[in-house]
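The values are calculated or read from the model by the stated rules, or taken from the named source; none is laboratory data. Bear in mind the structure is a predicted one, so any value in this text is a computation, not a measurement. Backbone-built Cβ (ideal geometry, glycine too); neighbour counts: all protein chains shown.
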Amino acid sequence: MLIKLENITKNYLDDGEPTTALRGVSLNVAEGEFVAIMGASGSGKSTLMHIIGFLDKKTSGQYFFDNEDMGDFDDAKLAEIRNQKIGFIFQAYNLLARTSIIDNVLLPTIYTPHLDKAAVEKRAYELLGRLKLSHRINFPPNQLSGGEQQRAAIVRALINNPRLVLADEPTGNLDSKSGQEVMEILQSLNDEGHAIVMVTHEKDVAECAKRIITLRDGVIISDELVANRRQAKDGLIR
Ligand SMILES: Nc1ncnc2c1ncn2[C@@H]1O[C@H](COP(=O)(O)OP(=O)(O)OP(=O)(O)O)[C@@H](O)[C@H]1O
Ligand SMILES: [Mg+2]
């Protein structure tokens with residue numbers, strides 16, 4: 001199993017009232033799955049994504065990633081696993097301001113041992129082309145539109161060919177054409193065998209996945225396979 005969460009809880013203990021964001025979430029995600037997470041604002045979706053990507057610590061419960069108990073590892077080891085095996089498409093994912101798009105995109109690869117530089121650059125140009133960024137390769141992010149910056153961040157998330165892609169509202173800030181492009185990319189990545197866990201508010205985007213999980217107040221209230229899966233290339237609006 002790629003992801004195995006057992007009775008995960010998460011409490012935030014800030015200055016004011018403590019908040020319980022997750023109240024006992026158990027979830028298995030196998031290699032090659034494509035899962036959409038839905039649920040109202042505040043239901044715990046982003047919290048769950050942060051825990052799956054070991055960006056934040058659970059309060060209780062157990063988390064096995066790729067059959068290893070994440071509770072056994074220190075932050076340095078978690079960072080290493082994260083860099084090698086997980087790609088993040090999060091809205092708050094910032095690009096380096098004074099660095100060209102191509103260098104931003106290639107940034108995660110500088111930690112990769114035994115890198116085939118030519119292959120990775122080819123992959124970068126290919127992905128940049130598919131997300132309509134070929135003409136922006138040598139520009140810094142502050143000369144790009146918001147949508148272009150987000151697409152560049154997506155290319156950067158995919159550059160290491162991660163086993164798992166975590167996407168928190170990957171189409172959220174995009175026009176429908178770019179959103180469709182992003183979903184096409186995610187579906188073809190999944191066809192190539194990458195597991196994807198994606199948060200979305202949009203039903204038609206969720207139906208591009210193979211399985212939809214719904215959270216309410218920090219618990220999973222439904223977990224269903226998608227009967228009529230959408231192919232993003234046919235358009236997202238039916
Ligand atoms: N850093 C934090 N400190 C305190 N409370 C937090 C923190 N992050 C999230 N929360 C709270 O935890 C709960 C779940 O938040 P979370 O961000 O996971 O929701 P979400 O489902 O992603 O919502 P949205 O759809 O609006 O993005 C909310 O009540 C939120 O206010
Ligand atoms: Mg969120």
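Quick look at the values:
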{"quantity": "Among (1) within 16 Å of ligand 1 (Cβ to nearest atom); (2) at pLDDT 95 or above; (3) more than 19 Å from Leu186 (Cβ to Cβ), the one test that Val35 misses", "calculated": "(3)"}
{"quantity": "Selection from the range 154-193 of residues that are away from ligand 2 (no atom under 16 Å from the Cβ), under 17 Å from Phe90 (Cβ atoms) and assigned to a loop (DSSP other than H, G, I, E, B)", "calculated": "Ile159, Asn160, Pro162, Leu174"}
{"quantity": "Residue within the range 95-113 that is closer than 22 Å to His201 by Cα and either more than 16 Å from ligand 1 (Cβ to nearest atom) or surrounded by fewer than 20 Cβ atoms within 10 Å (Cβ to Cβ) (or both) present", "calculated": "no"}
{"quantity": "Condition met for Thr19 (over 26 Å from Glu192 (Cα atoms), within 16 Å of ligand 2 (Cβ to nearest atom), surrounded by 14 or more Cβ atoms within 10 Å (Cβ to Cβ) and modelled with pLDDT under 95)", "calculated": "yes"}
{"quantity": "Some residue of the range 214-234 being more than 13 Å from the chain's Cα centre (by Cα), under 24 Å from Arg82 (Cα atoms) and either among the β-branched types (Val, Ile, Thr) or at pLDDT below 95 (or both)", "calculated": "no"}
{"quantity": "Flag if Glu6 is in contact with a strand residue (DSSP E or B) (Cβ under 7 Å, 6 or more places away or on another chain) and part of a loop (DSSP other than H, G, I, E, B)", "calculated": "no"}
{"quantity": "Residues of the range 42-62 classified as surrounded by 17 or more Cβ atoms within 10 Å (Cβ to Cβ), in a loop (DSSP other than H, G, I, E, B) and basic (Lys, Arg), total", "calculated": "1"}
{"quantity": "Count of residues meeting criterion [in contact (Cβ under 8 Å) with a residue 60 or more places away in the chain, polar (S, T, N, Q) and assigned to a loop (DSSP other than H, G, I, E, B)] in the range 63-103", "calculated": "2"}
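Yes/no per residue for (1) within 12 Å of ligand 1 (Cβ to nearest atom); (2) among the charged types (D, E, K, R):
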site	(1), (2)
Asn11	yes, no
Asp14	yes, yes
Ser46	yes, no
Met49	yes, no
Leu55	yes, no
Lys58	no, yes
Asp66	no, yes
Asp72	no, yes
Lys77	no, yes
